[in-house]
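Quick notes on the structure that follows.
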Amino acid sequence: MKTSKKLSFIAMAMAPMLAFSTQAFDEQESAETLDPTACGIVSVYKRPPETKRLYHVVINTIDGVPVGSNSHSFVLSPGKHKIKVMENITDSYFTRRRGEMLNYKVIEIDVEANMRYYLGAKYNRKHKSKLKTGEYWDPVVWKTQEKECEV
């Protein structure tokens with residue numbers, strides 16, 4: 001009986017703290033959402049480590065809007081974004097063949113404020129002959145880092 005009283009007391013004592021921290025989190029999230037200068041960066045500037053079968057990609061569209069092929073970094077609002085990328089795999093075991101290849105894919109990224117996301121193509125060597133289905137690669141975020149961002 002004493003044990004159950006102690007447990008109920010601890011639970012009641014902790015409940016206000018949990019409600020307070022949830023409220024603080026919600027307020028912080030709302031402040032970020034409402035802040036028009038909050039942003040994150042998606043980049044293909046740095047070359048991924050090819051030793052890990054990661055290769056360079058080119059961004060084709062962001063949320064369905066075409067972007068310039070000469071651009072390497074894009075400032076985006078916080079939230080989910082669909083990014084269409086084209087692989088640039090140069091692995092010595094990979095042979096490009098004439099005909100159809102699925103070398104464009106879409107990756108969805110939940111961009112957070114003040115974060116930088118580096119995109120790349122992960123080469124799946126065991127599926128190197130599956131060009132039409134695109135199974136030979138996957139778009140990935142190979143590195144993230146905190147980076148102050150302003151619009």
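The values are calculated or read from the model by the stated rules, or taken from the named source; none is laboratory data. Bear in mind the structure is a predicted one, so any value in this text is a computation, not a measurement. All Cβ positions, glycine included, derive from the backbone under ideal geometry; neighbour counts span all protein chains shown.
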Checked 64, 134, 68 against criteria (closer than 19 Å to residue 43 by Cα and in contact (Cβ under 8 Å) with a residue 12 or more places away in the chain); the one match is 64
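Conditions (1) of a type in the set (S, T, N, Q); (2) in the same structural domain as residue 136 (by TED's automatic domain parsing); (3) at pLDDT 85 or above; (4) within 20 Å of the chain's Cα centre (by Cα), marked per residue:
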site: 4; (1), (2), (3), (4): yes, no, no, no
site: 7; (1), (2), (3), (4): no, no, no, no
site: 17; (1), (2), (3), (4): no, no, no, no
site: 20; (1), (2), (3), (4): no, no, no, no
site: 55; (1), (2), (3), (4): no, yes, yes, yes
site: 65; (1), (2), (3), (4): no, yes, yes, yes
site: 76; (1), (2), (3), (4): no, yes, yes, yes
site: 87; (1), (2), (3), (4): no, yes, yes, yes
site: 122; (1), (2), (3), (4): no, yes, yes, yes
If we keep only residues of segment 30-44 that are surrounded by 12 or more Cβ atoms within 10 Å (Cβ to Cβ) and of a type in the set (Ser, Thr, Tyr), then the residue modelled with the lowest pLDDT is 33
